[in-house]
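J.: Sharing a structure with you now.
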């Protein structure tokens, strides 16, 4: 069934216009509310552009903040009251929240269980609309309709009031929002009757951990189309007082109005991470003469352009909803950090300048990002396939921080180091870009940054992650050393085995890059390190097992025990983490045992919906044999392509798409598991097209391996940045819901007997045609396993 809210979209053809006849209205398949139960702060921001800075959405518990910086907070599909409409949602970034109210002003947001004791308002799901670029809801307690949209750097909020002598708009600036951390300082000023400006400076938990003493600053410049009757200010939980200026933590400004039924107030909020002046410039450049409805139309068209780069037909309605909602999340996350004039926040807290092109525009953009941990199996292959211009900017963005601060950063919040898991896999993303023909960046600087990331330990800062890399480089493995609880330090790590596996993989990626650039000695050294995983392979168990500093394997070993040597996973899952050389892993385990074990793992994991079952928790499934809700497992179902059983990759990837992913608030990405800023969504997109790369683009000549496409036809629009052809089309025959299995294949009319192709072949354009069936063809794709560069 098509999304229930489609009929209430005011019909795009009417009020909001429509895209060109060749552009399909694919936003109708996106449901932002899918998977919002137990979701992260940055997950729910319907009113935003692709990769935008301004990311607006409703907050149901964002004012709670979180203790460690990662816990689920922000918006949940099952909540029944709203505490504000923040303009900024990123990893470790949150703020600039507005809220329309009527009657007596309450001076704190209140709690979900007792909304009457705060300025939050109840709402009904039937009165809510959410789609890419637009959000609307009716606030029952105040009889106010709130609507949100955005340009790249400007948030729009439009409120339609009821008849009231006491209508108000709250600028909640000086209080914690989502993952923002504690507020260090805040400032709000009414500059003139139609203008409010200010800032908030926060101390996110991950900044405190990885770059102690640093902070995240957010600036705004807001224009109102109707001046308030009067203005008051207050600190949260304090009393209102007359005034048009307030400073310090807890600061809130209250604009007071007298309204008649259907009176409208529209606010444009220019946003910046550098200064109020640049927030104003962003507003003037993007939205000075733009109306709310025009902004909705423009943003809707941008979403449709981005979604139309991959057009699917056939398949079920649910599959299309999952596909385009997953693609939406892949394009929503990791948003802009620079201003229209190229100004950007530097790592040291000063303002940097991106060079401008001949048109006066920045040569590239700068972005915030959650960790790259696992992104090489979902986001970067998708970016390389259909969004290479963003991938190129992402690389340049990473290099900005490297040039400014000396190290690559796995996670970045306004250029501050916020390493998501204390490792650093950015090298794989950089090498993958180069190997995919995306090279409009300083290649030698990028290579040196990646090389330093793999081998450098002297002066290595906490924010660069991999503080145990010296052990890896000198010993060939990281020893299990848990003197720091759940910690990593120069002598070892509580996550020693998973680090050894990850560093082996990233060493391989940079080795391949070294080979391509002619750095022969680097290539030899890094390739040797890429085999370090074998030092942790226990031949008696045919599994990866941590070693202590003295060299012995750890005792009391339980392959399903999480956290002991393995970050967010266990030995059963991590034994398969040899993406750089699956053939060697299969050889060491033994092909027959490898296939039996792997197939048995999926048979067992299916009982718990390929993860944590119906336990609503980000870490559910960590003690399962396979956990699709977390990054370490995301490539495992594709390893049958290397072990002579590609039909099992076809079977299990199809079932994961059908059963792990859902279309409800609770069952979206597993049950309450962490979608991770586009990663699980992008995995679905790739798997639903039947394309994946276990090596994550790290091979000198990378490949795509094949799975089981969910649709009758998939059209991928290629980009001249890294492709020669214009489109690549995947067509399937006899593709029913239970026809998982490839019977035969042709590529551009010629028989294809292998279960993979080089990426550069795909970039030539053409047609891949797959004949499907409900019984496996155990001979197809077996003889020539996927290419892995030496």
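The values are calculated or read from the model by the stated rules, or taken from the named source; none is laboratory data. Here the structure is a predicted model, which means the values were calculated and not measured. Virtual Cβ from ideal backbone geometry, glycine too; neighbours counted across all protein chains shown.
J.: Got a number for residues in the stretch 750-784 being under 29 Å from residue 387 (Cβ atoms) and in a loop (DSSP other than H, G, I, E, B)?
T.: 5
J.: If you check every pair at least six apart or on different chains, which have Cβ atoms under 7 Å apart with a residue in the stretch 183-201 that is over 21 Å from residue 67 (Cα atoms) first and a residue that is at pLDDT 95 or above and in a loop (DSSP other than H, G, I, E, B) second?
T.: Matching pairs, first to second residue: 188/173; 189/244; 190/244; 193/227; 194/227; 198/173.
J.: Further, regarding this structure: Taking the condition of being assigned to a loop (DSSP other than H, G, I, E, B) and buried (at least 24 other Cβ atoms within 10 Å of the Cβ), how many residues in the stretch 74-96 meet it? Walk me through it before giving the result.
T.: Narrowing the stretch 74-96 to residues assigned to a loop (DSSP other than H, G, I, E, B): 74-80, 83, 91-92.
The next check asks that each one be buried (at least 24 other Cβ atoms within 10 Å of the Cβ); those that pass are 74-75, 83, 91-92.
So the count comes out to 5.
J.: Select the helices (runs of 4 or more DSSP H) contained entirely in the stretch 376-493, then report the ones holding at least 3 residues which are over 29 Å from residue 702 (Cβ atoms) and modelled with pLDDT of 95 or more. Don't jump to the end; show me each part of the working.
T.: Working: elements: 379-386, 388-405, 426-435, 443-455, 469-475.
Hits in the stretch 376-493: 469-475.
J.: Quick check on residue 665: is it more than 28 Å from residue 576 (Cβ to Cβ), part of a loop (DSSP other than H, G, I, E, B) and in contact (Cβ under 8 Å) with a residue 12 or more places away in the chain?
T.: Numbers: more than 28 Å from residue 576 (Cβ to Cβ): yes; part of a loop (DSSP other than H, G, I, E, B): yes; in contact (Cβ under 8 Å) with a residue 12 or more places away in the chain: yes.
Against the criterion (more than 28 Å from residue 576 (Cβ to Cβ), part of a loop (DSSP other than H, G, I, E, B) and in contact (Cβ under 8 Å) with a residue 12 or more places away in the chain), residue 665 qualifies.
J.: For residue 497, all conditions in the list (1) under 30 Å from residue 518 (Cα atoms); (2) touching a residue at least 24 places away in the same chain (Cβ under 8 Å); (3) assigned to a helix (DSSP H, G or I) hold save one; what is the number of the exception?
T.: With (1) under 30 Å from residue 518 (Cα atoms); (2) touching a residue at least 24 places away in the same chain (Cβ under 8 Å); (3) assigned to a helix (DSSP H, G or I) applied to residue 497, the lone miss is (1).
J.: How many residues does the stretch 626-657 hold that are over 23 Å from residue 380 (Cα atoms) and under 25 Å from the mean Cα position of the chain (by Cα)?
T.: Going through the stretch 626-657 one residue at a time, the tally reaches 1.
J.: Quick test for you: out of 745, 723, pick the one residue that is buried (at least 18 other Cβ atoms within 10 Å of the Cβ) and part of a strand (DSSP E or B).
T.: When all the criteria are applied, what remains is 745.
J.: Only residues that are closer than 11 Å to residue 250 by Cα and surrounded by fewer than 19 Cβ atoms within 10 Å (Cβ to Cβ): list them for the stretch 173-201, please.
T.: 182, 184, 185, 187
J.: Take the residues in the stretch 319-345 that are touching a residue at least 60 places away in the same chain (Cβ under 8 Å) and either over 22 Å from the mean Cα position of the chain (by Cα) or assigned to a strand (DSSP E or B) (or both); name whichever of them is farthest from residue 370 (Cα to Cα).
T.: My answer is 341.
J.: Do you know which of the residues in the stretch 97-114 that are touching a helix residue (DSSP H, G or I) at 6+ places or on another chain (Cβ under 8 Å) and part of a strand (DSSP E or B) is nearest to residue 666 (Cα to Cα)?
T.: 111
J.: Determine which single condition residue 311 fails, assuming it passes every other condition in (1) in contact (Cβ under 8 Å) with a residue 60 or more places away in the chain; (2) in contact with a strand residue (DSSP E or B) (Cβ under 9 Å, 6 or more places away or on another chain); (3) outside any strand (DSSP E or B); (4) farther than 23 Å from residue 84 by Cα.
T.: Going through the list (1) in contact (Cβ under 8 Å) with a residue 60 or more places away in the chain; (2) in contact with a strand residue (DSSP E or B) (Cβ under 9 Å, 6 or more places away or on another chain); (3) outside any strand (DSSP E or B); (4) farther than 23 Å from residue 84 by Cα, residue 311 breaks only (3).
J.: Could you list all residues from the stretch 758-784 that are closer than 18 Å to residue 653 by Cα and either surrounded by 19 or more Cβ atoms within 10 Å (Cβ to Cβ) or touching a residue at least 60 places away in the same chain (Cβ under 8 Å) (or both)? So that I can check it myself, show each step before the final result.
T.: Initially, the stretch 758-784 is screened for residues closer than 18 Å to residue 653 by Cα, giving 770-778, 780-782.
Hits for the stretch 758-784 are 770, 772, 776, 777, 778, 780, 781, 782.
J.: Considering only residues that are touching a strand residue (DSSP E or B) at 6+ places or on another chain (Cβ under 7 Å), under 16 Å from residue 589 (Cα atoms) and in contact (Cβ under 8 Å) with a residue 24 or more places away in the chain, which ones fall in the stretch 534-566? Walk me through it before giving the result.
T.: Residues of the stretch 534-566 touching a strand residue (DSSP E or B) at 6+ places or on another chain (Cβ under 7 Å): 536-538, 544-549, 553-554, 559, 565.
Then drop every residue that is not under 16 Å from residue 589 (Cα atoms), which leaves 536-538, 544-545, 559.
Matches in the stretch 534-566: 536, 537, 544, 545.
J.: Tell me the residue from 138, 119, 123 that is in contact (Cβ under 8 Å) with a residue 24 or more places away in the chain, surrounded by fewer than 23 Cβ atoms within 10 Å (Cβ to Cβ) and over 26 Å from the mean Cα position of the chain (by Cα), please.
T.: Among 138, 119, 123, only 123 is in contact (Cβ under 8 Å) with a residue 24 or more places away in the chain, surrounded by fewer than 23 Cβ atoms within 10 Å (Cβ to Cβ) and over 26 Å from the mean Cα position of the chain (by Cα).
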